[in-house]
Amino acid sequence: MINRYGIGARIQVIFHKLRHPRHKVIWRRIDESGFCPGDITCETCNVMFWCRCHDLSDEKINKRLE
C-alpha cells in the first residue's frame with residue numbers, strides 16, 4: 001500500500017518532468033535483496049524524489065536492517 005507521502009512524491013516527479021521535459025527521470029528497480037528496492041531520481045539535477053523503502057512498513061524495514 002502506498003502512503004500519502006508516496007503518492008505526493010510520485011505526483012511531484014510527474015510535475016517535475018512536465019516542467020523540465022529534457023531532464024532524465026529514472027524510475028529504477030534495484031535488486032530486492034538490498035535495503036532500498038528502488039528509487040525515483042532525476043539524474044539531471046541529482047535529486048532523489050523517492051526511495052521505495054518508504055513504502056515498507058517499520059517491521060519490514062527492521063527486518064532488512066538485521
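Each reported figure results from applying straightforward, stated rules to the coordinates on display, with no laboratory input. All values reported here derive from a predicted model rather than from experimental measurement. Heads up, the Cβs are rebuilt from the backbone with ideal geometry, glycines too, and the neighbour counts pull from every protein chain shown.
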task = Evaluate E = 1/(1 + (r/R0)^6) for ILE7 and GLU43, where r is the Cβ-Cβ distance and R0 equals 25 Å; express this FRET efficiency to the nearest 0.05.
result = 0.65
ask   = In a shell of Cβ-Cβ distance under 14 Å around GLN12, excluding GLN12 itself, what net charge do Lys and Arg (+1) and Asp and Glu (-1) give?
value = +3
